[in-house]
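**Student:** Have a look at this one.
The values are calculated or read from the model by the stated rules, or taken from the named source; none is laboratory data. All values reported here derive from a predicted model rather than from experimental measurement. Cβ placement follows ideal geometry from the backbone for every residue including glycine, while neighbour counts extend to all protein chains displayed. We work out accessible area using only protein heavy atoms, side chains counted, and drop any ligands, DNA or RNA first. Shrake-Rupley method; radii C 1.70, N 1.55, O 1.52, S 1.80 Å.
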Amino acid sequence: MEEVDLLQEATQEAEAAEDSRALYEVKMKFLGRTGKVTALLKGMKEIAQEARPAFGKRVNALREALEEKFAALEEKVKQKELEKKLAGENIDVTMPGRHTKQGALHPVTRVKDRLIDLFSGMGFEVFEGPEIESEYYNFTALNTPADHPARDMQDTFYLTEEFLLRTQTSAGQIRVMEQKKPPIKILSPGRVFRSDDDATHSPMFHQMEGLVVDKHITLCDLQGMLDEFAKKMFSETSKTRLRPSYFPFTEPSVEVDVSCAACGGKGCSLCKGTGWIEVLGAGMVNRRVLENCGVDPDEYSGFAFGMGIERIAMLKYGINNIKLLTENDTRFLEQFKD
Ligand code: DAH
């Protein structure tokens, strides 16, 4: 009988189907609109009238049997496919992880951020001045007129007769005092430029300037603040010492040393046996500078300080050549991760 043959043929082909796609094709071959079982039903009109009900019943039974068969096989094939997929996705937890390169902040940025953090805690606000300055802000207003010998202390890159690349963030002091009346408490970080180049000097480097102007500000306030700075920046046991110095914009002027963190002040190669390391310049703001900015020096006084950020970074991390900070060698930079 044709139906029995078809059942056998379809079952054989369906069982041989390897995946759900092949199985679907077999199903269509028999049960689809143009499939073999459907064709049987369509051929019904050629059958004698009285034989039709029995024939129809048999074909329907065949269709149902096949549908059941396909449903069962589909389930099996899907299960097999899922198992194969999961086996392919097997994770070997013992394999070494994939290494992702993690960036780190540059030591100069780290020190700058630390300084801002530290001085913000003492009430300082950040002010950033321009890198291209006029002679007036960089020198003249800072009590360093054209013929002043102190101009030779800083080899200047001139852009025009009037404009230059600032040699010091001190220029920002004037801009702040012109804009703001005391009390003033600002911190001014930024790049500065000098025609200078050796193991500890670079033509471009960073400074951090500080300025405090108010009534009754004294050198003691400066020293107290510096002690706090040294303890937070270097070590809890750090001490500071002031040495007389000269800057045209401060009077008196001082150079500030911090006890050597490497040897605790006993004397070593880093501090050249002295136990002290020079970290910044500072002083009481010169009366002339206050006057230049329209601040009455009889009513107000102030202190200022300026430090090289590279220098602090070199001291803090034991870096012996300033060039390392600009060469961008990742073997060097990688060492500054937290
Ligand atoms: N501007 C000075 C320099 O670049 C550093 C300095 C010294 C800044 C004394 C100050 C200061 O504010 O009071 O060498």
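**Student:** From E89, E128, E162, E133, grab the single residue that is among the charged types (D, E, K, R) and either over 30 Å from M208 (Cβ atoms) or touching a His at 6+ places or on another chain (Cβ under 6 Å) (or both).
**Tutor:** E89
**Student:** Go through F70, F124, F119 for me and flag whichever is farther than 29 Å from M204 by Cα and touching a helix residue (DSSP H, G or I) at 6+ places or on another chain (Cβ under 9 Å).
**Tutor:** One residue alone meets the criteria, F70.
**Student:** Same structure, new question: Within the range 165-172, can one find any residue that is within 30 Å of T330 (Cα to Cα), in contact with a His (Cβ under 9 Å, 6 or more places away or on another chain) and open to solvent by less than 10 Å² (accessible area, probe 1.4 Å)?
**Tutor:** Yes: one or more hits.
**Student:** Could you grab me the full set of residues in the range 50-91 that are of a type in the set (V, I, T) and surrounded by 10 or more Cβ atoms within 10 Å (Cβ to Cβ)?
**Tutor:** V59, V77
**Student:** Follow-up. For the range 220-241, state whether one or more residues are within 12 Å of the ligand (Cβ to nearest atom) and surrounded by fewer than 19 Cβ atoms within 10 Å (Cβ to Cβ).
**Tutor:** no
**Student:** Of all residues in the range 267-321 being open to solvent by less than 10 Å² (accessible area, probe 1.4 Å) and assigned to a helix (DSSP H, G or I), which is nearest to the ligand (Cβ to nearest atom)?
**Tutor:** V289
**Student:** For residues that are polar (S, T, N, Q) and outside any helix (DSSP H, G or I), scanning just the range 219-241, find the one that is modelled with the highest pLDDT.
**Tutor:** T240
**Student:** Follow-up question, since we're still on this one. Hey, which of the strands (runs of 3 or more DSSP E) in the range 129-198, taking only ones fully inside, have at least 1 residues that are among the small types (G, A, S) and within 16 Å of the ligand (Cβ to nearest atom)?
**Tutor:** Per the criteria, 184-193.
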